[in-house]
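Chemist: Can you read through this structure? Questions will come right after.
The values are calculated or read from the model by the stated rules, or taken from the named source; none is laboratory data. None of the values given here were measured: they were computed from a predicted structure. Cβ atoms come from the backbone with ideal geometry, glycine included; neighbour counts cover every protein chain shown.
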């Protein structure tokens, strides 16, 4: 059995309610799950379900209210600055929006090399340049892109730059926060295929956050379904898709488009009939 890389244990994150002195909203509510070495775990739920907050707590970009996050057995919530810096080299985040996550005033080469300068300050300029060229090739971009600014790239290309930036420091864990949500459907497939290739080629462990089950179906071996800050269901991908146990999971599966137009029309007809029947009773 594969070793556990990351253990999230009884994680809670509360936020104060504006205008109410003592009231809080619990965005993450006693969440526990494990991420195994070399797997891709899908964390799926609609907007506001607590997925991104969970991811940011996992990486300690925000502090949880309570709970523990163990990386290779060590609680990152108790790490000092030096150990936390080392952890953040090991665990990198790919952001959702490729437009706002890249500094428009920086050239691509500087964006990608920023992490190298922080974590590998002794690398020579020639070594950095060699690494940059390899990274661009890895994500399907060209060497001449290094001197250009983000504004000259499409959304899909910008996301590839963001992925290269995350990979620059050679992480073991990649947390992807809805990285294809803002891309066109045709580009989504290309970026998802890229993640699959990178996982196999680099031996990455991936936590892939998405708002629908269709996005994670081919990439992830296990799926955790999240609603209202709670993990409703977690298990192997095929079990989640073929035998969902929770009503919320079933509703997400029902919303997945069918590639066969006839089947999709029939699914829609049944859904509408159910709604009509329910409203008339």
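Chemist: So residue 78 clears everything in (1) within 30 Å of residue 249 (Cβ to Cβ); (2) surrounded by fewer than 22 Cβ atoms within 10 Å (Cβ to Cβ); (3) more than 13 Å from the chain's Cα centre (by Cα) except one condition, right? Which one?
Modeler: So the condition that residue 78 fails would be (1).
Chemist: Considering only segment 212-238, state which residues are surrounded by 20 or more Cβ atoms within 10 Å (Cβ to Cβ) and not in a strand (DSSP E or B).
Modeler: 213, 215, 216, 220, 229
Per-residue answers, yes or no, for (1) touching a strand residue (DSSP E or B) at 6+ places or on another chain (Cβ under 6 Å); (2) at pLDDT below 95; (3) surrounded by fewer than 17 Cβ atoms within 10 Å (Cβ to Cβ):
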residue: 30; (1), (2), (3): yes, no, yes
residue: 33; (1), (2), (3): yes, no, no
residue: 47; (1), (2), (3): no, yes, yes
residue: 51; (1), (2), (3): yes, no, no
residue: 60; (1), (2), (3): no, no, no
residue: 64; (1), (2), (3): yes, no, no
residue: 67; (1), (2), (3): yes, no, no
residue: 85; (1), (2), (3): no, yes, yes
residue: 88; (1), (2), (3): no, yes, no
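Okay, residues lined up against (1) more than 24 Å from residue 52 (Cβ to Cβ); (2) surrounded by 17 or more Cβ atoms within 10 Å (Cβ to Cβ); (3) out of contact with any helix residue (DSSP H, G or I) (no Cβ under 8 Å at 6 or more places or on another chain):
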| site | (1), (2), (3) |
| --- | --- |
| 109 | yes, yes, no |
| 113 | yes, yes, no |
| 150 | no, yes, no |
| 174 | no, yes, no |
| 185 | no, no, yes |
| 192 | no, yes, no |
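Chemist: Hey, another quick one. Residue under question is residue 181, and the condition is that it be surrounded by fewer than 21 Cβ atoms within 10 Å (Cβ to Cβ) and within 26 Å of residue 64 (Cβ to Cβ); does it hold?
Modeler: Here the answer is yes, as residue 181 does meet what is asked.
Chemist: Look through segment 119-148, keep the residues that are under 23 Å from the mean Cα position of the chain (by Cα), surrounded by fewer than 19 Cβ atoms within 10 Å (Cβ to Cβ) and in contact (Cβ under 8 Å) with a residue 24 or more places away in the chain, and return whichever of them is farthest from residue 168 (Cα to Cα).
Modeler: Our first condition is that a residue be under 23 Å from the mean Cα position of the chain (by Cα); within segment 119-148, this holds for 119, 135-141.
The next check asks that each one be surrounded by fewer than 19 Cβ atoms within 10 Å (Cβ to Cβ); those that pass are 119, 137-138, 140.
Subset that is in contact (Cβ under 8 Å) with a residue 24 or more places away in the chain: 119, 138, 140.
Details: 119: 10, 138: 11, 140: 14 Å.
Once the filter is applied, the top-ranked residue is 140.
Chemist: Look at segment 196-211 and say how many of its residues are surrounded by fewer than 21 Cβ atoms within 10 Å (Cβ to Cβ) and within 11 Å of the chain's Cα centre (by Cα).
Modeler: Matching residues across segment 196-211 total 1.
Chemist: In this structure, does residue 156 turn out to be touching a strand residue (DSSP E or B) at 6+ places or on another chain (Cβ under 7 Å), under 23 Å from residue 51 (Cα atoms) and assigned to a helix (DSSP H, G or I)? Write out each step before concluding.
Modeler: On the way: touching a strand residue (DSSP E or B) at 6+ places or on another chain (Cβ under 7 Å): no; under 23 Å from residue 51 (Cα atoms): yes; assigned to a helix (DSSP H, G or I): yes.
So residue 156 does not fit the description; no.
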